[in-house]
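The values are calculated or read from the model by the stated rules, or taken from the named source; none is laboratory data. As the structure is a prediction and not an experimental result, all values here were calculated from the model. Here Cβ is always computed from backbone atoms with ideal geometry, including for glycine, and neighbour counts include all displayed protein chains.
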Amino acid sequence: SRLLDDSDEAKRYEGGAYVTLYLAPNDYHRIHSPVSGTVARATVVPGALMPVFAEALERVDELFARNERLVSYVDGAAGRVAVVKVGATLVGRISVVYDTSLRTNQKKGSRRSVTYDPPHAIQKGAELGAFELGSTVIVIAEAGRVELVDLHGGDAVRMGQRIGTIVSRKPSRKRKASS
């Protein structure tokens, strides 16, 4: 719940699937939506800007939850997907395309949560946001809604590459009582 800075929202993802994508300084610095849907809510969570490379993750507990981050919540066929963009050393600025006023590295210590009415439509693969330099994106899905592909730590992931599949949910059938 510390990563999202919202214990109620975090409950939605208990037992769910997630993937952590590290962006090195020489990588592509745009973030694209992993699913089609609508951005109904976003939150900027202030924090530190510590390095996020592998050795730092081993030394600092809950490093991603300590660093500044911007969370976009996308509602769609996969349920709600949280796209957590984590800042790092030299990566203090994160922005999103659906709200030019929402960005990190503004007033230190000010948490900002925005609900969009109407929500912003976004297509799978469309640009969601950007880092000014590399950092980390964590994509979190609700339990039973997404099946991840077999990725290993250190695997390069390219824009458009499949990272998971939406698990279809069959609507429950209500039976009529027989007389």
Discussion item. Residues to consider are S110, S101; find the one that is at pLDDT 85 or above and part of a loop (DSSP other than H, G, I, E, B).
Written reply: S101
Worksheet item: Among the residues of segment 69-87, is there at least one that is farther than 21 Å from E14 by Cα, surrounded by 16 or more Cβ atoms within 10 Å (Cβ to Cβ) and more than 13 Å from the chain's Cα centre (by Cα)?
Response: no
Practice prompt. Taking V139 as meeting all but one of (1) modelled with pLDDT of 80 or more; (2) within 16 Å of T43 (Cβ to Cβ), write down the number of the exception.
Written response: (1)
Item to complete: Starting from residues that are assigned to a loop (DSSP other than H, G, I, E, B) and farther than 17 Å from E142 by Cβ, keep the ones in segment 12-32 and report whichever is farthest from the chain's Cα centre (by Cα).
Response: N26
Worksheet, complete the sentence: Of the residues in segment 25-60, those that are in contact with a strand residue (DSSP E or B) (Cβ under 8 Å, 6 or more places away or on another chain), within 28 Å of S110 (Cβ to Cβ) and of a type in the set (V, I, T) come to I31, T38, V39, T43, V44, V45, V52
Practice prompt. Check off (1) of a type in the set (V, I, T); (2) closer than 24 Å to E147 by Cα; (3) part of a strand (DSSP E or B) for V35 and give me the number that stays unchecked.
Written response: (3)
Discussion item. For segment 10-36, give me each residue that is crowded, with 17+ Cβ neighbours inside 10 Å and either over 20 Å from G125 (Cβ atoms) or in contact with a helix residue (DSSP H, G or I) (Cβ under 9 Å, 6 or more places away or on another chain) (or both).
Written reply: R12, Y13, G16, Y22
Item to complete: Enumerate the pairs (first residue in segment 62-88 and in contact (Cβ under 8 Å) with a residue 40 or more places away in the chain; second residue anywhere and of a type in the set (F, W, Y)) with beta-carbon separation below 6 Å, excluding pairs fewer than 6 apart on the same chain, so at least 6 apart or on different chains.
Response: R80/Y73; A82/Y73; V86/F64
Worksheet entry | Yes/no for V39 being buried (at least 19 other Cβ atoms within 10 Å of the Cβ) and touching a His at 6+ places or on another chain (Cβ under 6 Å) | yes
